[in-house]
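Asks: Here's a structure for you.
The values are calculated or read from the model by the stated rules, or taken from the named source; none is laboratory data. None of these values were measured; they are calculated from a predicted model. Methodologically, a virtual Cβ is constructed for each residue, glycine included, from the backbone with ideal geometry; neighbour enumeration extends over all protein chains shown. When the accessible area is computed, the model is the full protein with side chains, heavy atoms only, and any ligands, DNA or RNA have been set aside. Shrake-Rupley method; radii C 1.70, N 1.55, O 1.52, S 1.80 Å.
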Amino acid sequence: WRRALHFTLVDTVNAFSVAAATAAPPADADAEAAMAPQTHTPQDVASLAEALRSEAASGSNAIAFGKAATGNGRGLLLGNPHFPWVGHERQYAAHVTVGDDYDMFGSLIYGLPVPLIGFNQDVAWSATYSTDNRVIIYDVTLDPNDPTRYLVDGESRAMRSVPVSVDVLQDDGTIEAREHIFWETEYGPVVTGGPLSWTKERAYTIFDANRGNLRNLDQWLDMGKSASVRELKDSMASIMGLQFSNIVAADRQGEALFANLSVAAKLPDRRLEDCITKPLGAGLLQLYSAIVADGSRSECQPLTTADAPAPGTVPASQRPFLFRDDYVIHSNDSHWAVNADPASFLTGFDRTLGEEKTPRGERFREGARLIEARLETDRFTAGDVHSMFYGATNMTGREIKAALLSHCAANETSDDVTAACAALRNWDGTAQPASRGAHLVREIMDRLPRVFRTPYILQDALWSTPFDPADPVSTPRDLIVDEPVLTAVTAAVTSMRERGIPLDGPLGDVQFFDVDGERLPAGGNPYALHLVRTTWDDTLGGYSHPVLIGDSFTHLVTFTDEGLDARFVLSYSQSTDPDSPHNDDQLPLYLSGDWIDLPFTDAEIEADPAFNSVRLQGD
């Protein structure tokens, strides 16, 4: 249960753990400084936004196809989460069967007993990271007579002191008990750090909509029993235990689902504008879509409705979902657009659930473009989706190539820009291992100015054709080659030359993984559907480990008249033990695209030549 709660809070109050552990009332010796009025500069806003962004999850892709988009008229799912390759949030694969009630293959997280995503005989689903505001930072005005009391509507209320004792192993083998006092308001823990200071005048405290959310284990278990996407949606709506995930799903009947039925703080738009503080709250909302609200007024507290799963959270009746018989696609934007059809756009929801009518990220746009193009002439099979994934096409990269070649043809340019144009002429528009110049495109893209709150949307000023809410797939477009782009190109070329990287060499020559002493070429980049963010290694002379975020438990499930056709690969393999044969045995399969065909029924499993059964029996 501790692990389940820890996973629930991984991106919310856990991100403020140091800030909570260092929060203490101002000492009398600091009284003069603590009494000084607190002001916030633009630099304060930027520093807090940067700290929050450093804790943000990277994301995932998921595409569900319905009967109008598949060759056999049944459902088809590609799940492609981007969980960490290292640490305690790694995924591992397991087939969990409990009597006749539960039978599911999927991805588990260390310490949790049931799969979070995967499939059973009738329905398959994957998860993407949602844009909900689960946390509200409250600015509380303190009682002038006591910095451990705060005012709400003029009434003085006492903070709660929470003593904690922890046993610490010493170097000499002895155990020392260490004690610490945490402080809490009715909103949650008091925090300090950066521009969040605890003075005689004010303090900052965190409301976490996920705090105490142990509905998650019941949620995942119940989801695994679903027989259709309709039942899956009903399960999520009734339990509301998903702490930070959208769900994309397809079923045997050929229906596709997108649902954001996770947890969010309920601060309606009609209150949000009035309750955010200025300038810190207003600046943070604009820069990072995070909320700092006035905790001294009761009308700014999170609202609770009778049907809410927990106090201060948004109920299922006020959250977005969509059923389609063609497709839904999600790649970590908000709920607003999960299909290219404007009639499907989900609007009218509170901002705490995500922004609407704003530019979409590169992976959504490229994925929707590829899907729409194929559906004009044909339907999808699993092989088509597999090829689309490993095609690793790069929409923004193509914009860069077209704009730079046009610029070089019409203008005298620097040696660096000229060299970049020469290298990009033969680039094929993908991040496949044989793609020549794909690493130059990545280096340029890494340096282009992007929207602060997300790493996958370029700033509006870079485009000559602006974003059109009626066409989020094709707009914005037409890159403007001026100072920001030329600076990025020059810096990319300079960096690559300093490292001795040929500008027009094959990607696989410089992006690879070592498996048993053999360098295996790797495709993908941080901006394609085939997403991998490799790290430059001077010793190896290439992009390789560590991969902090990238393709992890990728699964492709087709429902057929005969049963299931399921394939998967866990990119970093099952075991973290370097001496285990399963430490890197799936990495070559991931790199080559040769995924594992999964047996699912008892007969299929027992027919496998490697089948072995071990019975564990307790006392």
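Asks: Can you name the strands (runs of 3 or more DSSP E) wholly within segment 423-516 that have at least 2 residues being under 28 Å from residue 573 (Cα atoms) and open to solvent by less than 50 Å² (accessible area, probe 1.4 Å)? Spell out the reasoning first.
Replies: On the way: elements: 463-465, 477-479, 512-515.
Correct list: 512-515.
Asks: When the residues of segment 552-577 are filtered to those that are in contact with a strand residue (DSSP E or B) (Cβ under 6 Å, 6 or more places away or on another chain) and assigned to a loop (DSSP other than H, G, I, E, B), which remaining residue is most open to solvent (accessible area, probe 1.4 Å)? Write out each step before concluding.
Replies: From segment 552-577, those in contact with a strand residue (DSSP E or B) (Cβ under 6 Å, 6 or more places away or on another chain) are 552-558, 565-570, 574; that's our starting set.
Filter again for assigned to a loop (DSSP other than H, G, I, E, B), leaving 552, 574.
On the way: 552: 1, 574: 65 Å².
Across segment 552-577, the extreme among qualifying residues is 574.
Asks: Right, something else. What about residue 217, is it under 30 Å from residue 160 (Cα atoms) and surrounded by fewer than 22 Cβ atoms within 10 Å (Cβ to Cβ)? Can you show your working first?
Replies: On the way: under 30 Å from residue 160 (Cα atoms): yes; surrounded by fewer than 22 Cβ atoms within 10 Å (Cβ to Cβ): yes.
Answer is yes for this residue.
Asks: Do we have residue 267 as closer than 29 Å to residue 21 by Cβ and open to solvent by less than 10 Å² (accessible area, probe 1.4 Å) here?
Replies: On the way: closer than 29 Å to residue 21 by Cβ: yes; open to solvent by less than 10 Å² (accessible area, probe 1.4 Å): yes.
Criteria met by residue 267.
Asks: I'd like the full set of residues that are among the aliphatic types (A, V, I, L, M), assigned to a loop (DSSP other than H, G, I, E, B), at pLDDT 95 or above and open to solvent by 20 Å² or more (accessible area, probe 1.4 Å), limited to segment 64-97.
Replies: So in segment 64-97, the residues among the aliphatic types (A, V, I, L, M) come out as 64, 68-69, 76-78, 86, 93-94, 96.
When the remaining residues are screened for being assigned to a loop (DSSP other than H, G, I, E, B), the result is 68-69, 86.
From the residues that got through so far, the ones that are at pLDDT 95 or above too are 68-69.
Once the filter is applied, which keeps residues that are among the aliphatic types (A, V, I, L, M), assigned to a loop (DSSP other than H, G, I, E, B), at pLDDT 95 or above and open to solvent by 20 Å² or more (accessible area, probe 1.4 Å), segment 64-97 yields only 68.
Asks: Can you tell me which condition residue 197 does not meet? The list is (1) under 29 Å from residue 314 (Cα atoms); (2) at pLDDT below 95, and all the others hold.
Replies: Among (1) under 29 Å from residue 314 (Cα atoms); (2) at pLDDT below 95, residue 197 violates only (1).
Asks: Go through (1) in contact with a Lys or Arg (Cβ under 9 Å, 6 or more places away or on another chain); (2) open to solvent by 60 Å² or more (accessible area, probe 1.4 Å) and name the single condition residue 533 misses.
Replies: (1)
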